[in-house]
Each structure stands twice: as structure tokens, then as C-alpha cells.
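**Q** Here it is: the structure, laid out below.
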Protein chains: 2
Amino acid sequence: MNLILISPKDFTNTPSRIRLDQRRYNHLRDIHRVQIGDELSIGLIGGCVGRGKIVSLNHSCLEMDIRLNQQPPPPLPLTLILALPRPNILKRSLQAASVMGVKKIFLIHSARVEKSFWLSSVLQPERIREQLLLGLEQAKDTILPEVELRPFFRPFVDDELLELIRGTLPLVAHPESQFPCPSSVQQPVTLMIGPEGGFIAHEIEGLRRLGFTPVHLGDRVLRVDMAVPALLARLF
Amino acid sequence: MNLILISPKDFTNTPSRIRLDQRRYNHLRDIHRVQIGDELSIGLIGGCVGRGKIVSLNHSCLEMDIRLNQQPPPPLPLTLILALPRPNILKRSLQAASVMGVKKIFLIHSARVEKSFWLSSVLQPERIREQLLLGLEQAKDTILPEVELRPFFRPFVDDELLELIRGTLPLVAHPESQFPCPSSVQQPVTLMIGPEGGFIAHEIEGLRRLGFTPVHLGDRVLRVDMAVPALLARLF
């Protein structure tokens, strides 16, 4: 936890004072071994970041005086569209996207996505949020990405995608492409990443017709949780 | 498993025929649901890659006729030096380095590495090998990275590092640096990545004296398992 994320309900009646208990309190006590007077990085979900100073500490909670006066790091100008990966890989992929600063994520179906993945409990809003928060805590960010589910490929591509990619560079990660993924891109990007085994030829063809360029990252096929940091670090 | 890795002991008395049982047999039967006549990608650990065709299949093993006639993908011209991360992160970092094509990895101590991490069972050679093999299977590679442990920072830096970086671009990932990590590098690189919280100022100073340039990847501090794919995809 590089940043302690708080929400409006953590504030006490004293202005600028917050109270933490349970998970965050336990973590600060057991891992950071905090004491009265210690200063920590704090961020308000959806708001500013700053510092907090511990002013009281007992067996069940702690209180901090906080000052939130800085903007969180700028978002990445990228919309990420992932073919839904298997649940344990999805968790890491969401964390990776969140830590890298993506603010808009679509999880979509495609021919090689196993239908059973759509039944995973990891897709429950609070489970998704959990992974996104871990990413924000790591990156000292406060702005939660929006995640949208699209369990049908065709309507998403036919009805939404053209509007989504307007004004962006539309790329689809495709190991068989002849074009390497560009670097130092100076414009917003829409990036699609396929499932294990990739998008099928027919899907790639449809995306190409919409204006997508298939790009590769070398000879090696990365799993999506590694492809996300790799592609994003290369693009910007 | 994009590639089935085999070793000399998998060969039968018939030339070019192999027999698989246990883990790999179960995986092929249960996940890939293979049948007689199916073709799969095969690689000999330390050797070539090619195709195998299933010629027999029973309740406990399968046999394949194989032809290994292609070189594995080229290695990444990079030596990776990681301050030892916590065990679960170490596993993912080793997999990431292996999948990206790193062939030489040093795990070193530094001021902010918790001493207890050196006692983890994940550091046993067979546990390390397990993670590296997962990376090779993903990348369709056959060449195992070498992993060396250096539980003392000072002797490693004083006695080995200068020789290691000869002829390479020596970089140390350091979020506070003013220099962004370069891209499209055309020479071999030695890359050091610090522990949670980073290398301390004194360590960075010592590395700088040896010729290392501290570089950053933007405002966001990545955990090492994500920093590995991000930095490597950006560098090359």
C-alpha cells in the first residue's frame, strides 16, 4: 500500500480528521507498524492526494489529521478492451490496468472466450472494485477506472465500437501481425487484447474494417496480465 | 501451455517418438482434450522447437511422433538484477522475465529487502525452475534462464557488477529519477530493479558511480512483477 485510500465516510466530526478501522487499520498496524506521529500518503477516492499524520491509536482504530492538496497522477489516454480472461488472470489484468492509469475498461466476449468465465464471481462489482483499488493504492492514484461488461461480441463491435474509437488510434494486439506495436504515441489510443489463442481471423477482419491496426510485441506471446503492462509501457 | 516442453528422458526407443505421462498427459487430456492425430507444438528443453503428432493414447500416457526443426525465439539481450521480492511476487517476476526472453537473472539483497524473504521455499532450485518453465511454455521458448542468488549487496556490487555491465547499457529503475526509461535500445542492457520502496539513496549513489543511469517509467510506481514486462517491452 503506497497510498491509503479513504472515502467520505471515513471522516470524523472534526474537520480534516479521519478514522480508520478493520482492514486498513490492521494493515497499518501489522505491516507498517505505525505509531502516533507517523506520516503517511492519503488519497480520497475520486479526489486529491496528500499526507496524513497519526494523532491517536488504540486497539481497534486510528485517527489521522490529513491534508489533501495535490492532484492524483494524470490518467493514461487509453481505452482498454479485453476479451474476458480466466478469473485469476482477470484479477491481475484489472490490477495492471488500474496501476498503469487506464480509466475505461471494457470486458468483452469473443469466439475463444470460454462461456463459463462470464459466471465467475470475480465479475461482481465489488470484486472488480477490490482489484481496481489495489492498483490505485500501488500507483498513488484515486480515480477508479470504469469497467463495463459486454457479453456479446457482435453488438459491441457493430453498435458501439466505431463511436468509441473516434479521435483515437485503434490498435488490436495480434501476435501474427506484421507491425510492431508503436512507441511514444502522442494521441489517445483504443487498445484491444484478445483471449488465450487470440482473436479469430474473422474477428480481426471485422476490426480491421473498422480501422484497427493489428500490432505485435515480438515473437513471444504474452498472457494478458503481462501484455497489459508491456503494451501500455511501450505505447506511451 | 502454448508449447509442450520435453527432455531427453521423454524419448522412447523408437527414434523421434516421445511418451508423456502425469502432469503433461493430464493437462493435454483434460484441458486440450487431445485425440489421436492431433498436432501440437513441442520443444526440447535447451534445444529446438517443432511439431508433434499424437500416435497413441491410453488411460495413463500418450505417445507422439515429433519433428524438432526450428530454433526457439531469440533471447533478449538483457541481464536482469532484481532485489529479492516477497515470495508470491518473486514467482510472477520470474515467470515474466522468462516469458520475455531474459536468460540471466540475479536475485540480490539490498537495504529494503526483508531478510526473511531469503528463507522462502520459492528460492529452492526446483521451485525457481517451475516458474521459469511456465514462462518458456507461454513464450514457446526452450532455453532456461540462469538464476543466481546474491544474498549480500556489497560484495555483489564491489566484486561482480563492474564485470557484468561491461559492454552493456547499465540502467537502474528508480521512480525518483529525472530520466524516462529509453525505448528502442539497440545494445545489450543490464537492468536493476529495486525492492518495494526502492533502492536507498546510498545504493543508488554507488550504482551511479559504477556507470548506472537511474530511469523512471512515469509517475506511477509499479510492483516488480509488472515492472518487469513494462520495462522490457519499452526498452526493446
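**Q** Being surrounded by 20 or more Cβ atoms within 10 Å (Cβ to Cβ) and either of a type in the set (A, V, I, L, M) or at pLDDT 95 or above (or both) is true for just one of A:LEU171, A:LEU162, A:LEU134. Which residue is that?
**A** Details: A:LEU162 fails: surrounded by 20 or more Cβ atoms within 10 Å (Cβ to Cβ); A:LEU134 fails: surrounded by 20 or more Cβ atoms within 10 Å (Cβ to Cβ).
Selected residue: A:LEU171, the only one of A:LEU171, A:LEU162, A:LEU134 that is surrounded by 20 or more Cβ atoms within 10 Å (Cβ to Cβ) and either of a type in the set (A, V, I, L, M) or at pLDDT 95 or above (or both).
**Q** Scan the stretch A:144-159 residue by residue and report those that are surrounded by fewer than 16 Cβ atoms within 10 Å (Cβ to Cβ), over 11 Å from the mean Cα position of the chain (by Cα) and of a type in the set (D, E, K, R).
**A** Across the stretch A:144-159, the qualifying residues are A:GLU148, A:ARG154, A:ASP158, A:ASP159.
**Q** Find the residue count for the stretch B:59-79, including only residues that are within 14 Å of chain A (Cβ to nearest Cβ) and within 13 Å of B:MET192 (Cβ to Cβ). Let's see the steps before the verdict.
**A** Pass one, the stretch B:59-79, residues within 14 Å of chain A (Cβ to nearest Cβ): B:70-78.
When the remaining residues are screened for being within 13 Å of B:MET192 (Cβ to Cβ), the result is B:78.
Within the stretch B:59-79, residues that are within 14 Å of chain A (Cβ to nearest Cβ) and within 13 Å of B:MET192 (Cβ to Cβ) number 1.
**Q** Out of A:SER184, A:SER121, I need the residue that is at pLDDT below 95, surrounded by fewer than 22 Cβ atoms within 10 Å (Cβ to Cβ) and hydroxyl-bearing (Ser, Thr, Tyr). Which one? I'd like the intermediate steps shown before the answer.
**A** On the way: A:SER121 fails: at pLDDT below 95.
None of the others qualify; the one that does is A:SER184.
**Q** Which one of A:SER184, A:SER177 is hydroxyl-bearing (Ser, Thr, Tyr) and either under 24 Å from A:GLY135 (Cα atoms) or outside the structural domain of A:ALA83 (by TED's automatic domain parsing) (or both)? Outline the logic, then answer.
**A** Values: A:SER177 fails: either under 24 Å from A:GLY135 (Cα atoms) or outside the structural domain of A:ALA83 (by TED's automatic domain parsing) (or both).
Checking each option against the conditions leaves just A:SER184.
**Q** Do we find a residue being of a type in the set (Asp, Glu) and touching a helix residue (DSSP H, G or I) at 6+ places or on another chain (Cβ under 8 Å) anywhere in the stretch B:110-129?
**A** Within the stretch B:110-129, not a single residue is of a type in the set (Asp, Glu) and touching a helix residue (DSSP H, G or I) at 6+ places or on another chain (Cβ under 8 Å).
**Q** All but one of (1) surrounded by 15 or more Cβ atoms within 10 Å (Cβ to Cβ); (2) in the same structural domain as A:THR168 (by TED's automatic domain parsing) hold for A:ILE42, so report the exception by its number.
**A** Among (1) surrounded by 15 or more Cβ atoms within 10 Å (Cβ to Cβ); (2) in the same structural domain as A:THR168 (by TED's automatic domain parsing), A:ILE42 violates only (2).
**Q** Test each condition in (1) among the aromatic types (Phe, Trp, Tyr); (2) within 22 Å of A:ARG223 (Cα to Cα); (3) free of Cβ contacts under 8 Å to residues at least 40 places away in the same chain for B:PHE236 and report the one that comes out false.
**A** Every condition holds for B:PHE236 apart from (3).
Each row is one residue, and each column tells you yes or no for (1) away from chain B (no Cβ under 12 Å); (2) among the β-branched types (Val, Ile, Thr); (3) in contact (Cβ under 8 Å) with a residue 12 or more places away in the chain.
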{"residue": "A:ILE81", "(1), (2), (3)": "yes, yes, yes"}
{"residue": "A:ARG86", "(1), (2), (3)": "no, no, yes"}
{"residue": "A:MET100", "(1), (2), (3)": "no, no, yes"}
{"residue": "A:LEU107", "(1), (2), (3)": "yes, no, yes"}
{"residue": "A:ARG112", "(1), (2), (3)": "yes, no, yes"}
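**Q** Take A:ASP141 and tell me if it is within 11 Å of another protein chain (Cβ to nearest Cβ), touching a strand residue (DSSP E or B) at 6+ places or on another chain (Cβ under 9 Å) and buried (at least 20 other Cβ atoms within 10 Å of the Cβ).
**A** Details: within 11 Å of another protein chain (Cβ to nearest Cβ): yes; touching a strand residue (DSSP E or B) at 6+ places or on another chain (Cβ under 9 Å): yes; buried (at least 20 other Cβ atoms within 10 Å of the Cβ): yes.
Judged against the criteria, A:ASP141 is a match.
**Q** In the stretch B:88-118, which residues are surrounded by fewer than 20 Cβ atoms within 10 Å (Cβ to Cβ) and in a helix (DSSP H, G or I)?
**A** B:ASN88, B:ILE89, B:LYS91, B:LYS115, B:SER116, B:TRP118
**Q** Give me the residue from the stretch A:52-82 that is of a type in the set (D, E, K, R) and either in contact with a Lys or Arg (Cβ under 6 Å, 6 or more places away or on another chain) or exposed (fewer than 14 other Cβ atoms within 10 Å of the Cβ) (or both) and, out of that set, nearest to A:ASP141 (Cα to Cα).
**A** The first filter runs over the stretch A:52-82 and keeps only residues of a type in the set (D, E, K, R), leaving A:53, A:63, A:65, A:67.
Now narrow it down to the ones that are either in contact with a Lys or Arg (Cβ under 6 Å, 6 or more places away or on another chain) or exposed (fewer than 14 other Cβ atoms within 10 Å of the Cβ) (or both): A:63, A:65, A:67.
Details: A:GLU63: 22, A:ASP65: 20, A:ARG67: 16 Å.
Checking each candidate, the answer is A:ARG67.
The values are calculated or read from the model by the stated rules, or taken from the named source; none is laboratory data. It should be emphasised that the depicted structure is a prediction, and the values quoted were computed from it without experimental measurement. Note: ideal-geometry Cβ built from the backbone for every residue, glycine included; neighbour counts use all protein chains shown.
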